[in-house]
1. From Cα pairs below 8 angstrom and at least 6 apart in sequence, can you work out the relative contact order of segment A:55-130, rounded to a whole percent?
2. Rounded to the nearest Å, what's the spacing between the alpha carbon centres of segment A:160-187 and segment B:254-268? Just the number, please.
3. Averaged over all directions, how much area does the convex hull of the C-alpha atoms of segment A:44-87 cover when projected, in nm²?
4. Semi-axes of segment A:60-122's equivalent ellipsoid from the Cα gyration tensor, sqrt of 5 times each eigenvalue, largest first, rounded to whole Å?
5. Let me check I have the definition right: for segment B:88-144, take the eigenvalues of the Cα gyration tensor, multiply each by 5, take square roots. What are those semi-axes in whole Å, largest first?
6. For segment B:28-40, take each phi angle, set θ = phi - 60°, evaluate the Karplus expression 6.51 cos²θ - 1.76 cosθ + 1.60, and give the result in whole Hz per residue in order, putting x for glycine and proline.
7. Divide by every residue of chain A the summed helix terms, -39500 (n - 2.57) for each DSSP H run of at least 4, and state the resulting mean residue ellipticity at 222 nm, rounded to the nearest 500 deg cm²/dmol.
8. Calculate the tail of P(r) for segment B:24-139: the fraction of all Cα-Cα distances greater than 23 Å, expressed in %.
There are 2 protein chains.
Amino acid sequence: MATIHDVAKRAGVASITVSRVINNSGYFSQGTRQRVEAAIAELGYVPNRLARSLRSKRTNILALVLTDITNPFFTTLARGVEDTASDAGFIVIFCNTDESETEEQKYLQVLLQQQVDGILLVPARSTSDSVELVQKHGTPVVVLDRRLPSSAKVDVVRCESVDGAYRLVQLLIGLGHRQIAVLSGPKIVSTAEDRVTGYRQAMVEAGIDNRLQLVYYGAFTQSSGYEMAQQVLNVNPRPTALFAANNLIAIGALKAVRDASLRVPEDIAMVSFDDLPANLLTSPFFTVAVQPAYEMGQKATQLLLARLAGKAPERCQEVILPTDLVVRQSSGQALN
Amino acid sequence: MATIHDVAKRAGVASITVSRVINNSGYFSQGTRQRVEAAIAELGYVPNRLARSLRSKRTNILALVLTDITNPFFTTLARGVEDTASDAGFIVIFCNTDESETEEQKYLQVLLQQQVDGILLVPARSTSDSVELVQKHGTPVVVLDRRLPSSAKVDVVRCESVDGAYRLVQLLIGLGHRQIAVLSGPKIVSTAEDRVTGYRQAMVEAGIDNRLQLVYYGAFTQSSGYEMAQQVLNVNPRPTALFAANNLIAIGALKAVRDASLRVPEDIAMVSFDDLPANLLTSPFFTVAVQPAYEMGQKATQLLLARLAGKAPERCQEVILPTDLVVRQSSGQALN
DNA sequence: CGCTGGCATGTTATCGATGCCATATATGCA
DNA sequence: TGCATATATGGCATCGATAACATGCCAGCG
């Protein structure tokens, strides 16, 4: 309620001097510092950031717009963003789009209105509409996790989805599996597509008949994983291995497998993209391709901050991080 | 980048008229509306909320400060808050304190600086310091989930923790259990204390020897639940039932029980406060006292919004919601 | 001694939107 | 016809902080 003027009056100085003390900028004597700080304490003064930001054209707020904050992959990524931003004195606002483009646009609109300094975006769709909206407003953006059409001139930080999927499926093939199903996310999402591409590469390379390729597209959710797995388990002959394109799909699929009274890996082998949450009671158990989620958040934020500081190279960057193959029990032993 | 003045110039009107069109307030003709909207579209104009809020002294932002957003109970509560706030045209900022009072104070400071219109707080400690800080600034607060010292003049929305715990333990006693351990949260948190109180009430009422009462205080986390359970399982004779004071403790304890090669409920019965996350692969399985998390968030937000609108009664309100006892398998059958 | 430059503080304008008041025409009703 | 009222629009001040510029003091140095 008290303003900088109230503080100034009480301390017997001009408001700009109070501003200097608060921001530790410019010159002021130790005496003034003390009188100002005393006045601040007495009045319980809290600076008004709206006014500050309006004048300085800086809010020190970043926004992270993503599709599913309950997914441990994104939770970890978010922590990478938060930590990095926080160290640089920025606050982070998190927005959840639930894979909906409409929600995404709504959030972006609000964020631009709030004058956030920069946006980290996991786009719900592989179009550049959202990025363009933000860029038109003059706000820096970095795209995370997913590809955009190459027409979009924007920094991207993502993982080698094709390669990670390729290696997971190669592992299964190496263990003797031939009939492998992939349970993927929405066809329009680049990571879902890329993981199927990696799967196909490995299958083709191993000379496995096209007809043995079982590709399912659904959503990156547990329930979708459950449903896709139910379908797969009814295929005759039943595949000997499942590849889940993300962790939630893996959980749902595992549930479906257990509900069908089948054992993993004895009756059916499973591998998954992304590590699984720790509260499953059965983990660590899954063989997975782990994405460096924390580092992705970190890198993307560093890039964004560099742009804000005008320290990034002019040209757009595309940072692609490798995945880490972690072999555990769910993939099982070699078939005989 | 374009301002309201740019739009005004382009539409050939004064900026205040543009403001009226944007906010649908006051009078303007349909012709002006169209010219203004055209200008807005052409310029890609996005209103600056900082300026707007500075003038109007309203940000239309609420904040929800809680201790652990990864806990499904709080996630659900948060959704209740978000939905209610959103319907009323408010944005919600979420802040995670990790049960740390220091973090809480830091966040509150930032939120006050951002001029949020109101704050929903799950306090990390049972002191009124935080509430007073906020109230001194003139910002309305509603406390959620936990009790504060009665000296605090503040609205509270919480659950009947004592009663829920009492009924859970009573259920176990009714099944024939005598030696029951309670694994609770931090002693300083009112819900942890209240659930132990409910436990004691049930035990005393059943005339169970004091020496059979096993009370553990830890944290409301999975790892703490794991550790407490490990200790409990080493007690001789081993308790026949466990009461976990929240869902995360329950998960950790269940893990410890399984790691000790014991079965639930055959070897040891379990009950818990709060429902468990759906991705456990074993749920629904736990016998629980469910708190109406969504309604709590809803109620608290309604109360806060009423205060903002000056429509709430002068006196502070304390809303206490009942818990719902859901009996499933983990509590087992009656002992013979 | 006068000039330079670090230090300390203040004045004024401004960020972008809107509250308040004023103006002007059209419409309704006694 | 006259006056109240609804409609349509604009001018100016203002929210609270800070950028940009200005002022004054004093030490140091050639």
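1. Values: 104 pairs, mean separation 35.4, N = 76.
Worked out over segment A:55-130, it gives 47 percent.
2. With segment A:160-187 and segment B:254-268 each reduced to a Cα centre, they are spaced 35 Å.
3. Working: hull surface 19.0 nm².
Computed as one quarter of the Cα hull surface, the answer is 4.7 nm².
4. Values: eigenvalues 66, 54, 7 Å².
Values for segment A:60-122, descending: 18, 16, 6 Å.
5. Values: eigenvalues 59, 32, 23 Å².
They are 17, 13, 11 Å, listed largest first.
6. Once θ is set to phi - 60°, the couplings for segment B:28-40 become 6, 7, 5, x, 4, 3, 5, 5, 5, 5, 5, 4, 4 Hz.
7. Details: 12 runs with 147 residues, N = 336.
-13500 deg cm²/dmol, from helical runs alone.
8. On the way: 2970 of 6670 pairs.
It works out to 45 percent of all Cα pairs.
Every read-out reported here was derived from the displayed coordinates using simple, explicitly stated rules and does not represent laboratory data. Here the structure is a predicted model, which means the values were calculated and not measured. A quick note on method: Cβ atoms are made from the backbone with ideal geometry, for glycine too, and the neighbour counts reach across all protein chains shown.
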